[in-house]
Structure formats: C-alpha cells, structure tokens
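Notes follow the structure.
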Amino acid sequence: MPVLENAFEVNLPKLMRAAKATGSSRLVLDDGDVRTVAVLAETRLAVFLGGQQWVVDIVPVQCLQGRVRPLLKCPRAHEGNFQSLYYRGRELACRHCHVLRYRSTLAATSAERARLARFKLLAKLGAAPDQPFAYRQPFKWRKRYQRQLTRLAGLTGIHYGAVRGWLQRQDV
C-alpha cells in the first residue's frame, strides 16, 4: 500500500511562502534525491518533474469573512481542489487519485501506531531511531522539551510493552 511519506509533495502554501520570502516566482524544490523547478503565476503553477512539464490550475476558493484561499486543481479529471499534489509513478495527482494513505492509518495495532509516533517524535527532537532519547537542542524551550520527553517515555513504554508481550508469547 503506497504511503504519503514516500511521494514527492508539491504544497501550494509552502511554495507561496517561499516565493514571498525570496521575491521570485521561480523556485527550486528539493526532496532528497529529487530536485525540480517550479514557476508560480497568479492562476497557474508550472512544475518540471520527471522530464515532463506539469501545468496545474490554481483555483480561488471562498472562505469565511470574504477571504480567498488558493488551492490546486488535480491534473486528473478529479472533482476537488487540494493544498498538495503528489508526484508518484511518473504522474502528478492528488492523494485520492494515487490512493495514498498515511503510514499511521496502515498500522494494525495501537502498539504499532505508538512505535511510529515514537520514531516521528525522535526525528522531530533530532535523535536517531535507535537512541533512547534526544538531548535538548540549544535555544529550545525547556518546558516543551520536558513535555516531549514525557510523551516519548509513554510511547516507548507502550512499544516495549508490546515487544515484551510478544516475547512472552513466544516462550510459551
């Protein structure tokens, strides 16, 4: 089952923030081994991915209080506007067209979801998955770090509790 974390994401709000910060409508997207160029216009987004140019319409959607939120229209003839489109299998489309799922929704048990949340929290704290905890980064809030460590301890307890239970069932 394909997961979102393995697909290249083209996120419109991130592109718009980067365009505003750099003052240029031409942006370079970098996702590890994939590097591409995007050109942002008023009503269209052009992205060069996989040796092919993709032109996606930007649709203004009315929000509350008279605001307008720009969304991307899926290049497939799909009924919907999205914040993000994903490049996978030489095609740019929404997550519904690619049948992409979040990794946490594919976890069968609560212990597996806790393991995934633990690894995600360790990565957020700047530690490797094999490390028991992460040291506080300089200039980071102490209270927030303590809350995250407490959450990490709980997730670690759930994860290793499931591992202990599995080992005990194997000994029987």
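Any chance you could count how many residues in segment 1-53 are among the β-branched types (Val, Ile, Thr), open to solvent by 30 Å² or more (accessible area, probe 1.4 Å) and part of a strand (DSSP E or B)?
Within segment 1-53, residues that are among the β-branched types (Val, Ile, Thr), open to solvent by 30 Å² or more (accessible area, probe 1.4 Å) and part of a strand (DSSP E or B) number 4.
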Test for Leu100: is it buried (at least 18 other Cβ atoms within 10 Å of the Cβ), in contact (Cβ under 8 Å) with a residue 24 or more places away in the chain and among the aliphatic types (A, V, I, L, M): yes
Matching entry among Thr150, Thr105 (being among the hydroxyl-bearing types (Ser, Thr, Tyr), farther than 22 Å from Ser25 by Cα and at pLDDT below 80): Thr105
So Ala93, is it open to solvent by less than 50 Å² (accessible area, probe 1.4 Å) and either free of Cβ contacts under 8 Å to residues at least 60 places away in the same chain or over 21 Å from the mean Cα position of the chain (by Cα) (or both): yes
Top-ranked residue in segment 102-155 [being of a type in the set (A, V, I, L, M), under 22 Å from Asn6 (Cα atoms) and outside any helix (DSSP H, G or I); ranked as farthest from the chain's Cα centre (by Cα)]: Ala108
For Gln65: the one exception among (1) in a helix (DSSP H, G or I); (2) surrounded by 13 or more Cβ atoms within 10 Å (Cβ to Cβ): (2)
Filter result for the condition that a residue is touching a residue at least 60 places away in the same chain (Cβ under 8 Å) and of a type in the set (Gly, Ala, Ser), over Ser84, Ser110: Ser84
Residue among Ala134, Ala128 that is loosely packed, with under 11 Cβ neighbours inside 10 Å, of a type in the set (A, V, I, L, M, F, W, C) and more than 23 Å from Thr109 (Cα to Cα): Ala128
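The values are calculated or read from the model by the stated rules, or taken from the named source; none is laboratory data. The model shown is predicted, which means the values in this text are computed figures rather than measured ones. Counting neighbours? That spans all protein chains shown, and the Cβs are built from the backbone with ideal geometry, glycine included. With ligands, DNA and RNA removed, areas are computed over all heavy atoms of the protein, side chains included. Shrake-Rupley method; radii C 1.70, N 1.55, O 1.52, S 1.80 Å.
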